Amino acid sequence: MAAYDTLVTATFRASAMENSTNPSRVRRGVEAELAARETFDAAVRSLSAPSSAKRDAVTVESDDRLIESDLRGLSATAKGITNRDPLDFYLAVDALAGELGVESTTWPPVTPAGPTAGD
């Protein structure tokens, strides 16, 4: 959950840049969020989770890949969400946390973060 909470914090920071009217600042925000998401994915892959949680871990990583794809599209063409509602990712993280018996300090989110959360 520490990796998830770090991701959420980084996403909120990046969202300020991503919502800028300056294209260079938007790109830096997207790059920062992508880096945080890739770090989170690595943490999920390194989990030594019980077999009951493996499916949830795969779902978390798959949903996060869709968000990353949307972010890359936003960075390239400003097209926003095209893959899936990012809420699926947050729900998958919540399910995985339940399987692992851990809690997040950032779930449920108070407000959506970044260009992929609520567009």
- [ ] List, in order, the whole-Hz ³J(HN,Hα) value for each residue of the range 64-72 obtained from phi through the Karplus relation with A = 6.51, B = -1.76, C = 1.60 and θ = phi - 60°; use x for Gly and Pro.
- [x] 5, 4, 5, 5, 4, 4, 4, 5, 4
Task: In order through the range 35-50: 3J(HN,Hα) via Karplus (6.51 cos²θ - 1.76 cosθ + 1.60), integer Hz, x for Gly, Pro - done: 4, 5, 5, 5, 5, 4, 4, 4, 5, 5, 5, 8, 4, 9, 8, x
Task: Vicinal HN-Hα couplings computed from phi for the range 6-22 (Karplus, 6.51 cos²θ - 1.76 cosθ + 1.60; Hz; Gly/Pro x) - done: 5, 4, 4, 4, 5, 5, 5, 5, 5, 4, 4, 6, 5, 8, 6, 8, 8
TODO: May I ask you to sort Met17, Met1 by Cβ crowding, counting other Cβ atoms within 10 Å and putting the fewest first?
DONE: Met1, Met17
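Just so you know, all these numbers are worked out from the coordinates, no wet-lab data involved. A quick note: this is a predicted structure, and the numbers were derived from the prediction, not measured. Quick reminder, even Gly has a Cβ in these numbers, built from the backbone with ideal geometry, and neighbours come from all protein chains shown.
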